[in-house]
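Beneath this line is the structure, given in structure tokens, with notes to follow.
The values are calculated or read from the model by the stated rules, or taken from the named source; none is laboratory data. Nothing here was measured: the structure is a model prediction, and the numbers come from that model. Cβ placement follows ideal geometry from the backbone for every residue including glycine, while neighbour counts extend to all protein chains displayed.
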Amino acid sequence: MKGVIFRCLEELVIETKGMDLWEELLEQHCPSDRVYISAQSYPDEELVALATSVSKTLNLSMPETLKAFGTYLFSFLAKKHTSIVNEFHSFEHLILSIDKVIHSEVQKLYDEPNLPVIDASVLDSETIKLIYNSPRQLCFCAEGLIYGCAQHFNESVDIQQTTCSHHGDSMCTFIIKHG
């Protein structure tokens, strides 16, 4: 996982629970003196361990924690990459461009970003079907990113997940009602 994701989690934890908790989490789950650098890669297991502890600290389920993190992650990334986000005129435009535009930009910024495959299509003027496929199975975080994108564009959304890799499906499918 890229360091930028860890940096976002660090910011979220410090903002909501303070620096002491973040330092405690690092001591429990990471090599000593770990500092996350945005462009470097770190073991996925470190992020899972940190997120699990955050989940316990907040008394939330892991899916709830990942959704909340994903929502926060969108705004974190949007602040860091305003020129990319400003290319999009609407929620729908950005969602439909994740794989072709957003992920292309990510690949320019980071070596070997290990991105999920996203396929989004319009079902009707208020409905998008988004297929998420990743061996990391972070569909709950992806759902949070969708909510974060909707907040950015002041859109209301209702998301139904009709298939999920956590339930044995080969990929995750989201039906997104927006407007």
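A compact table of results
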{"quantity": "Residues satisfying the stated conditions in segment 54-108, i.e. of a type in the set (Gly, Ala, Ser) and more than 16 Å from Cys141 (Cβ to Cβ)", "calculated": "Ser83, Ser90, Ser97, Ser104"}
{"quantity": "Which listed residue, of Leu115, Leu145, Leu130, is crowded, with 21+ Cβ neighbours inside 10 Å, farther than 13 Å from Gln161 by Cα and of a type outside the set (Phe, Trp, Tyr)", "calculated": "Leu145"}
{"quantity": "Flag if Leu50 is in the same structural domain as Gly18 (by TED's automatic domain parsing) and not hydroxyl-bearing (Ser, Thr, Tyr)", "calculated": "yes"}
{"quantity": "Hits in segment 64-78 (condition: more than 11 Å from Cys149 (Cα to Cα) and among the polar types (S, T, N, Q))", "calculated": "Thr65"}
{"quantity": "Unique match (being buried (at least 17 other Cβ atoms within 10 Å of the Cβ), under 19 Å from Glu15 (Cα atoms) and of a type in the set (S, T, N, Q)) among Thr65, Thr57, Thr52", "calculated": "Thr65"}
{"quantity": "Boolean, Glu24 is closer than 23 Å to His81 by Cα, without any contact (Cβ under 8 Å) to a residue 60 or more places away in the chain and of a type in the set (Asp, Glu)", "calculated": "no"}
{"quantity": "Residues of segment 5-39 that turn out to be surrounded by 15 or more Cβ atoms within 10 Å (Cβ to Cβ), outside any helix (DSSP H, G or I) and among the acidic types (Asp, Glu), as a count", "calculated": "0"}
{"quantity": "Which numbered condition Lys108 fails, given (1) more than 16 Å from the chain's Cα centre (by Cα); (2) at pLDDT 95 or above", "calculated": "(2)"}
{"quantity": "Unique residue being of a type outside the set (Asp, Glu) and in contact with a Cys (Cβ under 8 Å, 6 or more places away or on another chain) when the list is Asn133, Asn114", "calculated": "Asn133"}
